[in-house]
Amino acid sequence: MKMHKLLLLAVACTWAMGAAAQWQWTDKDGRKVFSDRPPPPDIPEKSILKQPGGNRPARAAPPAAPAASDAAPAVAAAPKAAASAAGAGKDKELEEKKAQAEAAEAAKKKAEDEKIAKAKAENCTRARAAKAAFDAGKPITQANAQGEKIFLDGPARAAEAKRIDEIVASDCVR
């Protein structure tokens with residue numbers, strides 16, 4: 001019964017996580033607005049009450065007007081340099097994310113391979129124990145379709161021994 005309550009609590013907590021990823025701001029009429037999308041650009045920063053990351057958004061300041069005519073080439077060159085620096089930063093970020101994704105995929109594959117190897121080792125141990133029981137000549141019983149215990153006769157015993165040998169051959173290879 002306790003497990004049911006814990007499961008219900010976990011589901012309720014994860015269900016509420018969607019509400020945590022919402023924006024909240026006050027519009028021009030003074031009403032609170034809740035949305036899963038960011039507010040329009042005409043909403044001032046001071047009106048944004050909450051955003052998904054919990055941080056206040058950093059909006060870009062409007063570009064400053066050049067003071068002199070010879071400052072114009074410098075201002076024009078600055079966005080190009082900033083764009084190329086931002087592009088290089090994005091490339092680095094992209095490469096880092098790609099490397100992290102590859103590392104995560106490799107770790108996932110390694111864990112899956114270990115899981116398969118562990119299952120094969122367990123199957124091998126069971127098959128060897130069953131083979132030892134068959135080789136000892138002990139009477140072997142199985143349940144039939146009605147759930148009754150029956151002793152394996154010659155052909156059924158040979159078929160089961162063959163199946164166990166195939167399992168040993170496939171799972172006990174190192």
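The values are calculated or read from the model by the stated rules, or taken from the named source; none is laboratory data. Everything quoted here is computed from the prediction, not taken from an experiment. Cβ sites come from the backbone with ideal geometry, for glycine too, and all protein chains shown count toward neighbours. Side chains included, ligands, DNA and RNA excluded: accessible areas come from the protein's heavy atoms. Shrake-Rupley method; radii C 1.70, N 1.55, O 1.52, S 1.80 Å.
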How many residues of the range 142-174 are in contact with a Leu (Cβ under 7 Å, 6 or more places away or on another chain) and part of a helix (DSSP H, G or I)? The answer is 1
Would a scan of the range 134-141 turn up a residue that is open to solvent by 90 Å² or more (accessible area, probe 1.4 Å) and in a strand (DSSP E or B)?
no
Quickly run through the range 27-36 and pick out the residues that are surrounded by 13 or more Cβ atoms within 10 Å (Cβ to Cβ) and farther than 16 Å from P52 by Cα.
D27
Kindly provide the set of residues from the range 67-125 that are under 30 Å from S170 (Cα atoms) and at pLDDT below 55, ordered by number.
none
Those residues of the range 6-30 which are part of a loop (DSSP other than H, G, I, E, B) and at pLDDT 80 or above amount to Q22, D27, K28, D29, G30
